[in-house]
Structure formats: structure tokens, C-alpha cells
Amino acid sequence: MRSRHGVTVVGIKCPGEDFTFATAETVVAKGDIIVVTGKTRAVEAFTEPA
């Protein structure tokens, strides 16, 4: 994520589960809510629909 989009995933919330901090091994699935950090422009660009 960091090299491609300029953002870092710091947390993830899977449906029906508690929030957890992301690690290098974290796999994001459809329906997950992710928390990202980075420069404002990078975060805004990352959140725009493709």
C-alpha cells in the first residue's frame, strides 16, 4: 500500500470482530473497514472510487 498508494494501513475492523492493528501479514477482505495514514493528498486519492 505504501509504495503503490502512499498510505499505510494501521488498523482493520472485520465485520463482527474487534478492531485490530494491522501488521505486514494482515489480509484485507471485502467488507473490512481499514484505517490508513499518510499525507493528506495520498489519503484523499486512496479513498476516491476507482
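The values are calculated or read from the model by the stated rules, or taken from the named source; none is laboratory data. Bear in mind the structure is a predicted one, so any value in this text is a computation, not a measurement. A quick note on method: Cβ atoms are made from the backbone with ideal geometry, for glycine too, and the neighbour counts reach across all protein chains shown. Remember, those area values only see protein heavy atoms, side chains included, never the ligands or the DNA or RNA. Shrake-Rupley method; radii C 1.70, N 1.55, O 1.52, S 1.80 Å.
In this label model, Val35 and Asp18 are separated by 1.3 nm, measuring between points 7 Å along each Cα→Cβ vector.
About its Cα centre, the chain has a charge dipole of approximately 260 debye under the convention of +1 per Lys or Arg Cβ and -1 per Asp or Glu Cβ, with nothing else charged. Only DSSP H runs of four or more residues enter the estimate; each adds -39500 (n - 2.57), and after division by the residues of the chain the mean residue ellipticity at 222 nm equals -5500 deg cm²/dmol.
Rolling a 1.4 angstrom probe over the protein heavy atoms with all chains in place gives the chain an accessible area of 84 Å² per residue.
Our summary gives the chain a relative contact order of 41 percent, counting only alpha carbon pairs under 8 angstrom and 6 or more residues apart. Within the accessible surface of the chain, defined with a 1.4 Å probe on protein heavy atoms only, the carbon and sulfur portion equals 56 percent. For Val7, the residues whose modelled amide H falls within less than 5 Å of its own, excluding neighbours fewer than 5 places apart on the same chain, are Arg2. Set against the labelled values [x] 31, 22, 15; [y] 26, 17, 16; [z] 35, 33, 15, Cα extents along the principal axes in Å computed from this structure falls on [x].
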